[in-house]
Each structure stands twice: as C-alpha cells, then as structure tokens.
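Novice: Below you'll find the structure I mean.
The values are calculated or read from the model by the stated rules, or taken from the named source; none is laboratory data. Predicted model, so just to flag it, every value in this text is computed and none were measured. As a convention, Cβ positions derive from the backbone with ideal geometry for all residues, glycine included, and neighbour counts pool all protein chains shown. Ligands, DNA and RNA are stripped out before the accessible areas are found, and what is left, the full protein with its side chains, is counted by its heavy atoms. Shrake-Rupley method; radii C 1.70, N 1.55, O 1.52, S 1.80 Å.
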Amino acid sequence: MKVSIDPQRCQGHTLCAMIAPKAFQLSEIDGHSTPVSEDVPVDQEEAVREAAHSCPEQAISIS
C-alpha cells in the first residue's frame with residue numbers, strides 16, 4: 001500500500017497523525033501532514049485507511 005497527501009488540500013487538522021502517528025508527521029511550522037514513508041508497512045495499513053477516511057479535506061490518497 002502507498003499513501004500520499006495533497007498539500008493543497010491538507011488544512012492541518014492533525015487527525016491523521018492522531019489516528020496513525022507512525023505513518024504521518026506534522027510540520028512544526030504550519031501543522032500540515034506528510035507521510036513518514038510513501039510505502040505503508042503492513043502493520044499500519046488499517047490505521048492509514050482509517051486516517052484517510054477521517055480526513056475532513058479528503059487530502060489523503062491510498063493505493
């Protein structure tokens with residue numbers, strides 16, 4: 001599974017990092033999120049799916 005975040009859509013709600021803290025990191029400058037790695041480890045896939053579903057801006061894409 002791969003994950004990406006659209007920086008134009010991310011508004012820094014931080015839900016993804018709260019749901020999947022090992023998969024997402026937050027910018028100290030503006031709170032926007034980026035994936036720790038594009039490739040999601042198998043043990044984090046469920047949390048990443050939940051984070052993508054929970055994102056109010058639908059900024060997270062998984063494939």
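Novice: State the percentage of accessible surface on the chain attributable to carbon and sulfur atoms; use a 1.4 Å probe and exclude ligands, DNA and RNA.
Specialist: Numbers: 2060 of 4120 Å².
Here it works out to 50 percent.
Novice: Hey, what did the chain get for relative contact order, percent, Cα under 8 Å, at least 6 apart? Could the numbers behind the result be given before it?
Specialist: Working: 113 pairs, mean separation 29.6, N = 63.
Once divided by the residue count of the chain, the mean separation gives 47 percent.
Novice: Now a separate question. Can you compute the helix-only [θ] at 222 nm over the chain? Use -39500 (n - 2.57) per DSSP H run of at least 4 residues, normalise by all residues, nearest 500 deg cm²/dmol. List each step's numbers first, then the result.
Specialist: Numbers: 2 runs with 15 residues, N = 63.
Result for the chain: -6000 deg cm²/dmol, rounded to the nearest 500.
Novice: Let me ask another. For the chain, what is the accessible area per residue in Å² when the probe is 1.4 Å?
Specialist: On the way: 4120 Å² over 63 residues.
Using a 1.4 Å probe on heavy atoms only, each residue of the chain averages 65 Å².
Novice: Which of the peptides 16-29, 33-46 is most tightly packed, and how do the rest follow, judged by the mean count of other Cβ atoms within 10 Å per residue?
Specialist: Working: 16-29: 16.4, 33-46: 14.6.
Highest mean packing first, the order is 16-29, 33-46.
Novice: Stick to Cα atoms and the Kirkwood definition of Rh, then tell me Rg/Rh for the chain. Let's see the in-between values first.
Specialist: Values: Rg = 10.1 Å, Rh = 11.1 Å.
Expressed as Rg/Rh, it is 0.91.
Novice: Could you derive backbone 3J(HN,Hα) for the stretch 40-57 from the dihedral phi with the Karplus parameters 6.51, -1.76 and 1.60 (θ = phi - 60°), listing whole Hz in sequence and x where the residue is Gly or Pro?
Specialist: Here the 3J(HN,Hα) series is 8, x, 3, 6, 10, 4, 4, 5, 5, 4, 5, 4, 4, 5, 8, 5, x, 9 Hz.
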